[in-house]
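Comments concern the structure below.
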Ligand code: SF4
Ligand code: SF4
């Protein structure tokens, strides 16, 4: 399960103390290490945030190399380790990585689709010291789920969610919402209640990688969102004390951007399957990146000295209107990848911001989504599923 | 403060998925939880350490703290902290 990016909104300590520090401080610590262990994945989610050309990545880091990355990041102060992908369960050494990371003192989050998981494995992970499992769902109804995920994985996921709970983990379910499933939000929440979930994240699709490619088919309509939000709030009230529901509005419908990654090179470090170190999991697609690799450089050299990590660090790189805007300390001018994908210039204000001269691009994208949605099903653009064949074809690999 | 959630015979426990540990890089105790971390001040760390180390009632926990801190009158502070920690979802009642 690739991260949807939704955790950007609650990156380390954003609800706690670690974030209370002055963001204008000099270089900070990489508190959050996201290890994308592999691009292998049995699913083919069209909203996947993995890069379109993931099939070009041939050689993954070895167990020893990953452990060295973990050790170095931990020494620099990292506490949170996210294990994602692709599907992290596709790595045969996952249990060993968990065990060693736990010995180093990491708080370990496994972000999985649940495919390849079984009750025995959940128990083994627990024994090895895994702290937290997040199981992602595509939708609540089996048919839609199978359509969206491209495989027949749904029943299994429900069993896995139960096994997670039986092993004493809080059950954290993540549903990635988009135009084709958001109308089922009440069914999704009923399912979560049935499963006795502790936390439900209704994560909105973030438009990177495959999701960007499929945006016209995925972007929800305004009226869908209004309905979904009302339902989410009703369930939040009803479930107070039982189940926590996080509902995130897609940033396309906001007039301020998200504080992407809590600031570039500020607390967040991603390492891709091939060892490329990135300030955010989508940054690989930006122009002019040098893409330092953990095989050649230490984490400290990359974090403190690399061009990539310093490029949008702090505030000096900003253009107007961000440059003189008081809100820059709060939202860091938004997302660099989104600025690039929409305007062609990664140093521009995130077009989500209503102060951005490019804000019309967001409104036009919404309008295009609406026009697609109005087409009869057989005329609509088909969803492009995330798989190696499509990756090679589209990227000419 | 005993009109709150915690009574002398309640047994506080860390909430599911929370971990208490010493963090050298921060030079303080912290609570780690999914995707986050709280840095703890001294008194909070003293209380949470005892909740983490063994299951005991609030009364026992206070007695232990009094021994550690020369009989200081800290009942109200402990109850107040427990209520706040509960409100933050850091701890639960057994
Ligand atoms: S295809 Fe789906 S499950 Fe696989 S990495 Fe992408 S989002 Fe995650
Ligand atoms: S102009 Fe820039 S800093 Fe100001 S609110 Fe918009 S994105 Fe944020």
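Every read-out reported here was derived from the displayed coordinates using simple, explicitly stated rules and does not represent laboratory data. As the structure is a computational prediction, the values presented were derived from the model and not from experiment. As a convention, Cβ positions derive from the backbone with ideal geometry for all residues, glycine included, and neighbour counts pool all protein chains shown.
Assorted remarks:
- Gain on full stretching of the segment that runs from residue A:355 to residue A:226 - 0.36 nm per residue minus C-alpha separation: 44.1 nm
- For q = 0.23 Å⁻¹, Debye-computed log10 I/I(0) when each Cα of segment A:31-86 counts as one equal scatterer: -0.96
- Using distinct alpha-carbon pairs, which all enter the 1/r mean, Kirkwood radius of segment B:12-88 in Å: 13.0
- Theoretical ellipticity at 222 nm over chain A - DSSP helices of four or more residues, -39500 (n - 2.57) apiece, nearest 500: -9500 deg cm²/dmol
- Counts of other chain beta carbons within 10 angstrom of each beta carbon in peptide B:22-34 average 5.
- Two-site FRET efficiency, residue B:25 against residue A:158, from Cβ-Cβ distance with R₀ of 41 Å, rounded to 0.05: 0.55
- Relative contact order of chain A, defined on C-alpha pairs under 8 angstrom at six or more residues apart (%): 20
- Paramagnetic reach from residue B:63 in segment B:6-27 [backbone N under 17 Å; point 7 Å along Cα→Cβ]: B:7-12
- Fewest-first sequence of B:57, A:62 by Cβ atoms within 10 Å of each Cβ: A:62, B:57
- The ellipsoid equivalent to the alpha-carbon distribution of the protein assembly as shown has semi-axes of 37, 26, 24 angstrom, derived from the gyration tensor eigenvalues as √(5λ) and listed largest first.
- The protein assembly as shown - share of DSSP beta bridges that are antiparallel (%, nearest 5): 30
- B:29, A:360 arranged by Cβ crowding within 10 Å, fewest neighbours leading: A:360, B:29
- Each listed q (0.22, 0.23, 0.24, 0.26 Å⁻¹) maps to a log10 I(q)/I(0) for segment A:302-385 from the Debye sum over equal C-alpha point scatterers, namely -1.00, -1.06, -1.11, -1.22.
- Where labels lie 7 Å past Cα in the beta-carbon direction, separation of residue A:56 and residue A:183 in nm: 3.9
- Cα→Cβ-extended label distance, 7 Å offset, between residue A:246 and residue B:88, nm: 1.8
- Relative contact order (%) - criterion: Cα under 8 Å, at least six apart; region: segment A:263-369: 19
- Alpha carbon centroid spacing (whole Å) that separates segment B:80-94 from segment B:1-78: 9
- Residue-normalised convex hull volume from the C-alpha trace of segment A:186-250: 89 Å³ per residue.
- Spatial offset of segment A:242-303 relative to segment A:58-80 amounts to 16 Å, using the alpha carbon center of each.
- Kirkwood estimate for segment A:246-386, i.e. one over the average of 1/r between Cα atoms, Å: 16.6
- At q = 0.15, 0.25 Å⁻¹ the log10 of I(q)/I(0) for segment A:243-312 amounts to -0.57, -1.10, computed by Debye summation with a single uniform scatterer per C-alpha, solvent ignored.
- The length gained on full extension between residue A:377 and residue A:297, counted as 0.36 nm times the residue separation minus their Cα-Cα distance, comes to 23.8 nm.
- Residues B:51, A:299, sorted so that the one with the fewest Cβ neighbours within 10 Å comes first: B:51, A:299
- Working from Cα pairs under 8 Å separated by at least six residues, relative contact order for segment B:12-88 is 22 percent.
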